[in-house]
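Let me begin by presenting the structure, written as structure tokens, before commenting on it.
We did not get these values from a lab; they are worked out from the coordinates using the rules stated. Because the structure is a prediction, the values reported are computed rather than measured. Here the Cβ positions follow ideal geometry from the backbone for every residue, glycine too, while neighbour counts run over all protein chains shown.
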Amino acid sequence: PHLPDEKDLPRLPDELAILQFLDSADIKTEEGREIFLKLIKWADIWVESSKGGQYDRLGLPDEFLWTINPKLAICHVSGYGQRGVPEYVTKASYDAAGQAFSGYMSLNGIDYSLKTNPYLSDYVCGLTTCWSMLACYVSTQLTGKGESVDVAQYEALARITDGRFMQYLTYGEK
């Protein structure tokens, strides 16, 4: 990773320098957007977690960010992905929703669906985000071209069910 040129960063007083990367900026404002784009300019990786398509709606699609930093590795994390059925993509998701929507919840319990604790869907989504982001970053380093990955919470959990759904559809058993 490379360090930013100091003149490109918003500065805090020296005694608060540790906070300069822990501060937040409202990217819906002109000042916040300017700060965000300055940080994107020198970043290697950007991970965001919001409802699908949020940054497109804010006028910050991947393609625009790559004009600022052509080697940026981008990871979008959401409940239902960045594109697809708008009624789902634009919704927030939580652990129980991820378990239910992925079908994983139907594998637990006897006559009814049962949520698994603690926060299995959140945990699996986090792990999937980690290795997906690393693969994206390695690709950008090898090719010199920015990449983007889309991690949907429900898909991450559905992938660990192995062949359970095919087994059910083929043989009618869990």
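Of note:
- Amide H to amide H, with H built 1.01 Å from N, ILE45 comes under 5 Å of ALA73, counting only residues 5 or more places away or on other chains.
- Mean sequence separation of contacting Cα pairs (under 8 Å, at least six apart), scaled by the length of region 84-163, corresponds to a relative contact order of 34 percent.
- The orientation-averaged projection of the convex hull spanning the C-alpha atoms of region 97-166 amounts to 5.4 square nanometres.
- Remark: region 42-55, residue by residue, has Karplus-estimated 3J(HN,Hα) of 10, 6, 8, 9, 10, 10, 10, 10, 7, 5, x, x, 4, 6 Hz, where x stands for each Gly or Pro and the curve is 6.51 cos²θ - 1.76 cosθ + 1.60 at θ = phi - 60°.
- For region 28-127, the relative contact order comes to 22 percent (Cα pairs under 8 Å, sequence separation of at least 6).
- Inter-label distance, nm, simple model (7 Å from Cα along the C-beta direction), ASP162/VAL47: 2.8 nm
- Largest-first principal axis extents of the Cα set of region 28-124 (Å): 54, 26, 21
- As a calculated quantity, the FRET efficiency between ASN108 and VAL138 at R0 = 41 Å, using C-beta atoms, amounts to about 0.70.
- Taking other residues whose beta carbon is less than 11 angstrom from the beta carbon of SER78, and scoring Lys, Arg as +1 and Asp, Glu as -1, yields 0.
- Once the Kirkwood radius over Cα pairs is known for region 56-174, the Stokes-Einstein relation at 4 °C and 1.567 mPa s delivers a diffusion coefficient of 82 µm²/s.
- Positive minus negative residues near THR129 (Lys, Arg vs Asp, Glu; Cβ under 11 Å): -3
- Fully extending the segment from ALA92 to THR29, taken as 0.36 nm per residue of separation minus the present Cα-Cα distance, adds 20.4 nm.
- Here is the P(r) of region 58-108: all C-alpha pair distances, binned every 5 Å from 0, give 4, 17, 18, 19, 13, 12, 8, 5, 2, 0 in whole percents.
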